[in-house]
Amino acid sequence: MIKLAVSGCQGRMGQGIVRLALKDKAFSLSALLELKDHPHVGKSAHKLTISADNAALKGCDVLIEFTTPSATIENLQACLDNSIKMVIGTTGLQPEQIEKIKSAAEHIPIVFASNMSVGVNILFKLTQITAEKTGTSYTINISEAHHVHKKDAPSGTAKSLAQIAEKASGTKVENIESIREGEIIGDHTVVFESGEDVITVSHHAKNRDIFAKGALAAAKFLDGKSKGLFNMQDVLGLK
């Protein structure tokens, strides 16, 4: 049984991960973390005390992290110190913070992905295939829409789509449009256009469980791994 810790346990993603993990016999919920100023710190949930101290991670097998960039890097060090595997879905990380994750993966196994959804990772693969086949003959535009609470724009997923499309096609993505409206879970569309036709690949998230399920699949994937940096393409065998 995998001893699971969840950081950001009171957030939208964290609550979904906890709810699904409690139903999965592969997991034993072992630690719940939140930011220091969160009103639920010190309170009990699922027979555990919600903690702001990452010392609570000691003895856990894997931490699933959907929080802020600064909290993620703090918990990264705690995982390094305690040889704890990590699944990181935090977005908005700066290049120097990403480098710290890459360095840490030389010592512990980490799944780091801008989007944990199975469907979105299929979208990544479809974007790669389309970009390879269209090359420089098509212009590429991306649009993404999320809820008004999302702080980063463009989304990490849109940035990943752009990187995939540019690498595979050899052409620059012309524009990424970001929309923040209502309670949209997450919509992503990549449009390839030539003088003769338009190819559109897109994904629409109906609820957040798709991300939580992907994160738990990633945690299972890490079982038995000793070190290395992985993404959801690795988890799903899409490479």
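Details
- Projecting the Cα atoms of Ser7, Ala21, Val41 onto the charge dipole of the stretch 1-52 (Cβ charges, centred on the Cα centre) puts Ala21 farthest toward the positive pole.
- For the stretch 1-72, the share of alpha carbon pairs falling in successive 10 Å distance bins from zero is 22, 60, 17, 0 percent.
- Taken about its Cα centre, the chain carries a charge dipole of roughly 940 debye when the Cβ of each Lys and Arg holds +1 and the Cβ of each Asp and Glu holds -1.
- Taking the Cα atoms of the chain, the ratio Rg/Rh between the radius of gyration and the Kirkwood radius comes to 0.99.
- Note on the stretch 102-139 and the stretch 72-94: Cα centroid distance 20 Å, given to the nearest whole angstrom.
- Kirkwood estimate for the stretch 118-204, i.e. one over the average of 1/r between Cα atoms, Å: 12.9
- Calculated [θ] (222 nm, deg cm²/dmol) that DSSP helices of n ≥ 4 give over the chain, each run adding -39,500 (n - 2.57): -11000 deg cm²/dmol
- Axis angle, to the nearest 10 degrees, between helix 209-222 and the longest C-alpha principal axis of the chain: 70 degrees.
- Under the Karplus curve 6.51 cos²θ - 1.76 cosθ + 1.60, θ = phi - 60°, whole-Hz ³J(HN,Hα) for the stretch 151-157, x wherever Gly or Pro sits: 8, 8, 8, x, 5, x, 5
- The mean sequence distance of close C-alpha pairs (under 8 Å, at least 6 residues apart), as a share of the length of the chain, puts its relative contact order at 21 percent.
- In a simple Cβ point-charge model (Lys, Arg +1; Asp, Glu -1; nothing else charged), the stretch 118-204 has a dipole of about 360 debye relative to its Cα centre.
- Cα long-axis angle, helix 118-134 against the chain (0 to 90 degrees, to the nearest 10): 30
- Here the Gaussian network model covers the chain, with springs between Cα atoms less than 10 Å apart; of Lys227, Lys102, Lys23, Lys23 fluctuates the most.
- Charge sum, other residues only, whose C-beta stays under 11 Å from Phe27's C-beta, Lys/Arg counted +1 and Asp/Glu -1: +1
Any read-out appearing in this document is the output of simple, stated calculations on the displayed coordinates, not a laboratory observation. Treat the numbers as computed from the prediction; the structure is a model and nothing was measured. FYI the Cβ positions are ideal-geometry reconstructions off the backbone, even for glycines, and counts take in every protein chain you see.
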